[in-house]
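One structure is given here, and the rest of the page talks about it.
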Amino acid sequence: MKHLIDIRDLTQAEILELLDLADAIVADPAAYREVCRYKKLATLFFEPSTRTRLSFEAAMYELGGQVLGFSEAASSSAAKGESVADTIRVVSCYADIIAMRHPKEGAPLVGAMHAGVPIINAGDGGHNHPTQTLTDLMTIRREKGRLSDFTIGFCGDLKFGRTVHSLIAALSRCAGVRFVLVSPEELKLPSYIKKDILLEQGLPYEQTTDLHAVMPELDVLYMTRVQRERFFNEEDYLRLKDSYILTPEKLENAKAALSILHPLPRVNEIDAAIDDDPRACYFRQARNGKFVRMALILKLLELA
Ligand code: NCD
């Protein structure tokens, strides 16, 4: 049985197949309306979510399937002390596939070890978020027409931002990608990712605190929210939260063909005045998330 815990659980060929399928669904959604009839997706969200959970649920409904689950740990038996292993064993009896988000790094992996059905990691703590990465890859490919030969800037909380970690892992397998890492000193990319991916594979990268200086080089700018819920104290969060706020003025030296992505939710790191700029891709990105999750459900259920 196949699970998706880490984006590297998929080969590059499998990722491209998923993106192709997602594009095919966008082009003809009616053709997929009954494919998951009588199938059930469980969404087990031990941590807050809007896009990830709702796009998973919309995806399953659009495939003709049904959805069950919970959106906060407090309303599940986790509040009574049930282990992830037990919850997953039980939910495997009720659902055909499970999407799970958890504040503890590694919890979906533990779930997969006890699951009778495919498990999808919908975000584990400050670690990984592979389905956001599929969304990001689909968006980059649709916006740029390719998944190679570009410079991508990651800006904001690169330490706790799980979407950044998974996307770097995925892009490390694409040819000609250059990485520009923009963050305050305290929120730099974890050294294990730098060492195991960027250095290990000899990939071109640059680390800086100065977004303005590197802006003209970027083809893609991946903005992120400072992850308040992962901080040990509020003071540090307050000091760092506004390190980067993208405004129209800050785009003055950017490329005309820049693509601005953000996994959302944003707090104030992107000024709303940018939303109407054709370079702002983040709402199209959120829309893509539903289609790529439809593709993923179909593949994991072996229906496509
Ligand atoms: C991200 C997440 O949950 O990691 N959101 C999402 O899934 N679209 C990013 C974030 O919360 O900042």
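Brief remarks follow.
- Answer from GLU235, GLU143 - the residue that is farther than 21 Å from PRO130 by Cα and of a type outside the set (A, V, I, L, M, F, W, C): GLU235
- Sole residue being under 24 Å from LEU251 (Cβ atoms), surrounded by 23 or more Cβ atoms within 10 Å (Cβ to Cβ), among the hydrophobic types (A, V, I, L, M, F, W, C) and within 16 Å of the ligand (Cβ to nearest atom), chosen from LEU134, LEU158, LEU171: LEU158
- Scanning the range 107-130 for residues being surrounded by 24 or more Cβ atoms within 10 Å (Cβ to Cβ) and either part of a loop (DSSP other than H, G, I, E, B) or β-branched (Val, Ile, Thr) (or both) gives a total of 3.
To keep it simple, each residue is scored yes or no on (1) of a type in the set (Lys, Arg); (2) touching an Asp or Glu at 6+ places or on another chain (Cβ under 9 Å); (3) touching a residue at least 12 places away in the same chain (Cβ under 8 Å).
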{"site": "TYR61", "(1), (2), (3)": "no, no, no"}
{"site": "GLY69", "(1), (2), (3)": "no, yes, yes"}
{"site": "SER83", "(1), (2), (3)": "no, no, no"}
{"site": "ILE88", "(1), (2), (3)": "no, no, yes"}
{"site": "ASP96", "(1), (2), (3)": "no, no, yes"}
{"site": "GLY106", "(1), (2), (3)": "no, yes, yes"}
{"site": "GLY111", "(1), (2), (3)": "no, no, yes"}
{"site": "HIS114", "(1), (2), (3)": "no, yes, yes"}
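- THR151, sole failed condition from (1) in a loop (DSSP other than H, G, I, E, B); (2) under 20 Å from the mean Cα position of the chain (by Cα); (3) surrounded by fewer than 21 Cβ atoms within 10 Å (Cβ to Cβ): (1)
- With respect to the conditions (1) within 14 Å of the ligand (Cβ to nearest atom); (2) of a type outside the set (A, V, I, L, M); (3) surrounded by fewer than 23 Cβ atoms within 10 Å (Cβ to Cβ), SER166 falls short on a single one, namely (3).
- Residue in the range 92-106 that is part of a helix (DSSP H, G or I) and either surrounded by 21 or more Cβ atoms within 10 Å (Cβ to Cβ) or not assigned by TED's automatic domain parsing to the domain that holds LEU264 (or both) present: no
- Candidates LEU238, LEU261: the one that is of a type outside the set (Lys, Arg) and either under 21 Å from the mean Cα position of the chain (by Cα) or outside the structural domain of ASP136 (by TED's automatic domain parsing) (or both) is LEU261.
- Among the candidates ALA85, ALA79, the residue that is outside the structural domain of CYS281 (by TED's automatic domain parsing), assigned to a helix (DSSP H, G or I), more than 16 Å from the ligand (Cβ to nearest atom) and closer than 22 Å to LYS2 by Cα is uniquely ALA85.
- Meets criteria (among the β-branched types (Val, Ile, Thr) and within 20 Å of ARG142 (Cβ to Cβ)) for ILE193: no
- Whichever residue in the range 34-65 is under 18 Å from SER76 (Cα atoms) and touching a helix residue (DSSP H, G or I) at 6+ places or on another chain (Cβ under 6 Å) and, among such residues, is nearest to the ligand (Cβ to nearest atom): PHE45
The values are calculated or read from the model by the stated rules, or taken from the named source; none is laboratory data. Computed from a prediction, not measured in an experiment: that's the story for all the values here. Cβ: placed from backbone, ideal geometry, glycine included. Neighbour counts: every protein chain shown.
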